1. With a cut-off of at least 2 residues that are at negative phi, touching a helix residue (DSSP H, G or I) at 6+ places or on another chain (Cβ under 9 Å) and at pLDDT below 90, name the helices (runs of 4 or more DSSP H) lying wholly within segment 57-147.
2. Looking at segment 91-106 only, could you name the residues that are surrounded by 15 or more Cβ atoms within 10 Å (Cβ to Cβ) and under 18 Å from residue 23 (Cα atoms)?
3. Residues that are closer than 13 Å to residue 146 by Cα and either part of a loop (DSSP other than H, G, I, E, B) or modelled with pLDDT of 90 or more (or both): does segment 33-46 have at least one?
4. Hey, can you tell me all the residues within segment 107-125 that are closer than 19 Å to residue 145 by Cβ and surrounded by 16 or more Cβ atoms within 10 Å (Cβ to Cβ)?
5. Here are the criteria: (1) more than 20 Å from residue 4 (Cβ to Cβ); (2) touching a strand residue (DSSP E or B) at 6+ places or on another chain (Cβ under 8 Å). Tell me which single one residue 132 does not satisfy.
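The values are calculated or read from the model by the stated rules, or taken from the named source; none is laboratory data. Since the structure is predicted, the reported quantities are computational estimates derived from the model, not experimental observations. Using ideal geometry, Cβ is built from the backbone for each residue, glycine included, and neighbour counts are taken over all protein chains shown.
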């Protein structure tokens, strides 16, 4: 069971959607209320990059070439979005509106958040939960946090 202090901020997000929820309840019975919602528009790959992957020559005169791995535009956009919500979390923490922060995100997003969150924000984290709950309604998120 995760204990979420009263007035703590709960971040629930992945690389495409993020919710900042405020616990208006207490530690035993959370009552999460939306404070901010971020949703990224990540268009189809063909709309993000149209070039084919490039090729590199292996040697000066060998005539051999190898393909360069294609760019994962969705992954790049998810990284940009994660940085954006990390900056939003920093603004909330620096404004004094959150003394405690709970992060709920899939493992990959959680790892990425750890690299982009400012040390001031990391200092306020009281719990990290490696789950993807972004598509769940708030009452289900509360239920998952109690288990």
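1. 73-94
2. 92, 93, 98, 100, 101, 102, 103, 104, 105
3. No, segment 33-46 contains no residue that is closer than 13 Å to residue 146 by Cα and either part of a loop (DSSP other than H, G, I, E, B) or modelled with pLDDT of 90 or more (or both).
4. If the condition is that a residue be closer than 19 Å to residue 145 by Cβ and surrounded by 16 or more Cβ atoms within 10 Å (Cβ to Cβ), then 109, 110, 113, 124, 125 are the ones that fit.
5. Looking at each condition in turn, residue 132 falls short on (1).
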